[in-house]
1. Consider residue 177 against the criteria (1) in contact with a strand residue (DSSP E or B) (Cβ under 8 Å, 6 or more places away or on another chain); (2) surrounded by fewer than 18 Cβ atoms within 10 Å (Cβ to Cβ); (3) assigned to a loop (DSSP other than H, G, I, E, B); (4) among the aliphatic types (A, V, I, L, M): it satisfies all of them except one. Which criterion is unmet?
2. I need the full set of residues from the range 879-902 which are surrounded by 17 or more Cβ atoms within 10 Å (Cβ to Cβ) and assigned to a strand (DSSP E or B), in order please.
3. For the range 196-230, how many residues meet the condition of being over 19 Å from residue 158 (Cα atoms), among the hydrophobic types (A, V, I, L, M, F, W, C) and either in a loop (DSSP other than H, G, I, E, B) or in contact with a His (Cβ under 8 Å, 6 or more places away or on another chain) (or both)?
4. Looking at the structure I just gave you, is residue 400 within 40 Å of the chain's Cα centre (by Cα) and either surrounded by fewer than 15 Cβ atoms within 10 Å (Cβ to Cβ) or not assigned by TED's automatic domain parsing to the domain that holds residue 846 (or both)?
5. Restricting the first residue to the range 815-843 and requiring it to be outside the structural domain of residue 308 (by TED's automatic domain parsing) and at pLDDT 95 or above, which pairs with a second residue that is assigned to a strand (DSSP E or B) and basic (Lys, Arg) meet a Cβ separation below 9 Å and a spacing of at least six or different chains?
6. Do we find that residue 970 is loosely packed, with under 14 Cβ neighbours inside 10 Å and under 20 Å from residue 902 (Cβ atoms) in this structure?
7. Restricting attention to the range 585-616, and to residues there that are in contact with a strand residue (DSSP E or B) (Cβ under 8 Å, 6 or more places away or on another chain), part of a loop (DSSP other than H, G, I, E, B) and more than 19 Å from residue 655 (Cβ to Cβ), which single residue is modelled with the highest pLDDT?
8. Would you say residue 53 is over 19 Å from residue 141 (Cβ atoms) and among the basic types (Lys, Arg)?
Amino acid sequence: MRKTFWVVLSFYILQLSGFSQSEIVDDPFIKYSHITKKEGLSSNYILDFLQDKEGYMWIATNDGLNRYDGYNIEQFLHNPADSTSLSDNLVTCLACLNDSILLVGTRTGLNYFNCRQRIFSHSGFSFPETDYLDRKHIRALLVSEDLVWAETADGELVKINFSEQTLLIFKHRPPSMVNTYFYHHICLAPDGKIYLGGRYMGLLQFDPQTETFREFKTDAENAKKKRDEDAAVYFVDSKGNYWVGGIDGLYIFNPETEVFQKKLSISTFSIVEPEPGLLWIATGSGLFRYLLKEDLFLQSSHNDNIAHSLSHNHLNKLYIDHSGNIWIGTLDGVSIYQPTRNKFKHIYHIPENENSPVSNHVSAIAEDEQNHIWIGTENNGLDVFDDNWNRLGSYSAQQTGSHKLASNSISTLMVDSENDVWVGQWSGRGFNIINPDKNKNEAYNLLENELKADWYHDFLEDAEGNYWVGIWGAQGLYQFDKKEGYFLNARYIETPDMLGLPVHSMAFDGSKIWLALRSQARFYCFDPILEKTSFYSYKHYHQFNFNRIDSILALDDALYFFTNDGIYRKSDENSYVFEKTTYKPKRSKKKEADTSLNKQAIANELSAHVYDLAKDSEGFVWVATDKGLYKTQLGLPLARYHVNDGQSNALLSDTIYSIIYQEPDNLWLGTDQGLVKFSIHDKLFYNFQNEGPKYLSSHLVKFLFEDSEANLWIGTTNKGLNKLNKKTGEITQYQENRKDQNAFWGSQASCMVEDLNGNLWIGGFGLNKFNPQTNNFTHFTTENGLTDNQVMAILCDDQNRLWISTANGLNCFNPADTSFQHFYEKDGLQENEFTAAACKLKNGKLLFGGKNGLNIIDPAKIPLNSIAPEVMLSGFSIFEEDHSNLLSGNNTIRLKHNQNYFSFSFTALDFSDPEQNQFRYKLENFDDNWIDAASLNRVAKYTNVDPGTYTFKVIAANNDGIWNETGISIPLIIRPPFWRTNIFYAAILLMLIVLVYFWVKYREKQIREQNQYLILEQKLLRSQMNPHFIFNSLSSIQSFIFENDPVAAGSYLSRFSELIRSILYNSREEFITIEKEIKTLQNYLELQQLRYQNKFKYELSIDPEIEPETLKIPPMLAQPFIENAIEHGLKDLDREGFLKIEFLLHFNNLHIRVEDNGVGIENTRNEKLDKAREHQSLATIITNERITILNKGRKNNPYMLNISDLKNIRENAQGTLVEFIIPLDKR
């Protein structure tokens, strides 16, 4: 293989160079995750890494700069049209100047990236001298406090002091082939000196105090010198050792003595130390981890057959982030070693790698005395590894000799006290006992040439050195004699089928009754005290060659079995060894001399077939016949007992083959239906069938376990758990009853362990804890924190924690506080589903197997990601449009009232396992509680948020549940619309105050106007109700009465009263119909005619287009002027007076014309001056006041009053014309 070739070549080269090679061990099982162009990188050629102060990872490539937040990659590329873009896509190095400025070295100068403004500056940064590095090929950067050190391709070490604003240049030999080889390094040593490395530019040390260079000499012929003048990396480890790597390999050196020692002859480009004493080394041939204490290199390489191997074998850069993840830059993307995803070493099958397990499906695991790990697989046999996971050998059905197995399906493994490995197989073909040191590999089976019984689930060596075998099927539990190589009696299995089987022969050995069943290939042993039966199957014992027993005889403390293969003798009560013998025992003389036991004589007397006889202590003979049981004496029958004798405890069967008397009172009868006990004194029969509690609950044995009290526990696959007291033989069953809180839960008892405090824990339905004092169980299921209720295996570590593998993940359970810690495939497990394979190694490590390999767990060193992740807001949108610029500097976000549909994007800058990060967010003053969010849904959306002041908060947890409770927050203000602002409210209040003020003033004015109107109305009323007119009218009425003209008086009075009512009514209305106005005027004129004895005539006309019933006008406008015309123009004429009143419609105006042929206005005025006290008319004044009120609020088409004289050709007054113009727009 390619990997092996490199190791051998390295060793050969090291020998030629004259130094001792450190041990190199291949470690193909380390796992990496990857980032490539497929995930969004601008290029797969990685040159540098940096994690900024906020926590973002920056990845420099030969074709652009990338920022990674654990989920998304943002590319920064050169754009010729954008002066704020990256100056060149070849990014060679990175450094952080401060919280907001990122230094980016490129082929065309030093770039300053402002993380907040997200722009690049190339010149004019800080102070003018820094422009020197513009357009320079920057090779390496180092930031130390206020100083920035930069290496250029011109062989310049540039020192920039930003606090003093100075720039100094120190020249040295330039590197070669700068556009082909990109490695270059600046290293600040603990003593303050700076080491410079590049492509063949010498090994340089710079003293900042003296500002001088020192060059270390190289010599290819001197083993104590570095070979080449090439340095890619310098490093000072935690022990103070100085390292330098280059094209010619990795060296450790002493700067004072200039002595170099080569440690690795492979091109070396980068070194980090994630923990004291462990170096990670990036080379041109993969990754090496160097353990200083052990002087051991562990090599990890790219393998096309392993998805989680390195992306490429040529590594350029290593970097450790804040969480301890190791970033590996290669020629084909980024590989990341995440300790929390490698909590457990994963051993698995690697195609074409002979040093990996033969199969991924691990079914059994064991460790022998040499610390070798035996791994059984489901279908591919057995592997053996040393403690460094070098494969030592394998066993399978296809191999021959000492490495051959009966089957490739390994179900269980056990290493006994003699370092023999018991290999149980799941095939029906048996098991093997292997010891490579003794070249031992022996095969055994329970039933040879059959596939019914040899299905092995467990082996156990108890404290006394007895070997127990748990078989799924057959009789379940057996003991095995390893020395002799055969199974012992299976005494613990329920045999309900013995009832109903014909017992042809019996013998009593003084404590147990032995029963032979001629038709069955087995015989039974019955303990009358325990009332318990065990049986022997001929096929289970290789020492038996017979297949039929004719009879059994107990004689001289031994049992003799008369078979079709001769006589077998069993002499030792506690042994199950049967020896074939040629000794033929004599029959009992006592039995032969006793004439009372003459079968033939008794048979003749009873008329029945006699099978057997027995005599009790009182001399009665008991006869077993085909017609029941007889009691006789001296050959005479005294009693008969048979099936249908009407007793409740009747005989099981009338066919009795054998009979034994047991002092002092019992007979044991072997019938064709099984074993029966008869109490002579009580005359009662007891029919024996094997009751469950005296036997194992099932023969389908799953596991065997011996506790500290020497109890043997047997788990079954279908009927729970059993406890065997090996001293008394008593078995206690614990079958499932999930309705009982104190019972065992689980039809299958899958595994068992005893913790350091002596507590017993059993896998069933969940985890069961047994209390031996109360004989009760306590349960832990998924409701209590277990990942799955199907428990596969349990191991107890040295801290008394239980490790529980299940069908869905691995659990670490602490009995002290009943807390669970969960682990899944994401943490490095082979997968979430496990098999029953589990083993605790002598060094305290735990092994768990599954369908995808096995895991090595060091409980004392479980990596925990204890660093809470930095939380960042990665985006902000309004109505799905990006407005992330509002997040700059975490300033308050201010939105308009109609921008109330927005969303926040967020991220947690922890790269240990980003997909397992957790989030919670809330918008204070909007959300009542925290809202959970998974890593795949890192967006918080809000709709219809009312105007107000809010704070958006996000907290996050890493993959191990460590929360950053502080998180990040940003204020958010949604400004209300103008009509909901305080200014608007103040304006409204001010407006209301002003309106109230003006309303009050208006009301005051309105009241004044109303008062004026009332006064005007009163004036109008007075003007219309001229006292002279009233007095004269009353005088006229009186005159008619005196003249004895009641008709005239009545008519006059009626018109007068109607006129007064009209005046009173109309004076209260703002508008009345023309019809009412005309009616009032007619009444008035007719009364005036009567008053003045018809001195004038009048004419009242209305335009035909006018609708008098609907058209409304202000009341009593014309009446005062009609009165003036009569009083001052017509009453004193020397001719007949004439008064004309017209209602004319002109456009949208109503014209009311009052025309008389009186003396005229001028004459009337003179008359008023002369007779002021006597004739006063307020008509004009009152009418003008009314018109003024009516015209309020009218800008166009007002009410108008015109008064003029009518003159003849001589300009002499011949009357008066009064004209009203009334707009009709509102009526």
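The values are calculated or read from the model by the stated rules, or taken from the named source; none is laboratory data. In this text the structure is predicted, and so the values were computed from the model without any measurement. Using ideal geometry, Cβ is built from the backbone for each residue, glycine included, and neighbour counts are taken over all protein chains shown.
1. Evaluating residue 177 over (1) in contact with a strand residue (DSSP E or B) (Cβ under 8 Å, 6 or more places away or on another chain); (2) surrounded by fewer than 18 Cβ atoms within 10 Å (Cβ to Cβ); (3) assigned to a loop (DSSP other than H, G, I, E, B); (4) among the aliphatic types (A, V, I, L, M) leaves (1) as the failure.
2. If the condition is that a residue be surrounded by 17 or more Cβ atoms within 10 Å (Cβ to Cβ) and assigned to a strand (DSSP E or B), then 893, 895, 902 are the ones that fit.
3. So the first thing to find is which residues in the range 196-230 are over 19 Å from residue 158 (Cα atoms), and the list is 200, 216-230.
With the extra rule that they be among the hydrophobic types (A, V, I, L, M, F, W, C), the set shrinks to 216, 220, 223.
Those left that are additionally either in a loop (DSSP other than H, G, I, E, B) or in contact with a His (Cβ under 8 Å, 6 or more places away or on another chain) (or both): 220, 223.
The qualifying residues number 2.
4. Numbers: within 40 Å of the chain's Cα centre (by Cα): no; either surrounded by fewer than 15 Cβ atoms within 10 Å (Cβ to Cβ) or not assigned by TED's automatic domain parsing to the domain that holds residue 846 (or both): yes.
Taking the combined requirement at face value, the residue does not satisfy it.
5. 815/769; 836/702
6. Numbers: loosely packed, with under 14 Cβ neighbours inside 10 Å: no; under 20 Å from residue 902 (Cβ atoms): yes.
It is false that residue 970 is loosely packed, with under 14 Cβ neighbours inside 10 Å and under 20 Å from residue 902 (Cβ atoms).
7. Once the filter is applied, the top-ranked residue is 616.
8. Working: over 19 Å from residue 141 (Cβ atoms): no; among the basic types (Lys, Arg): yes.
Answer is no for this residue.
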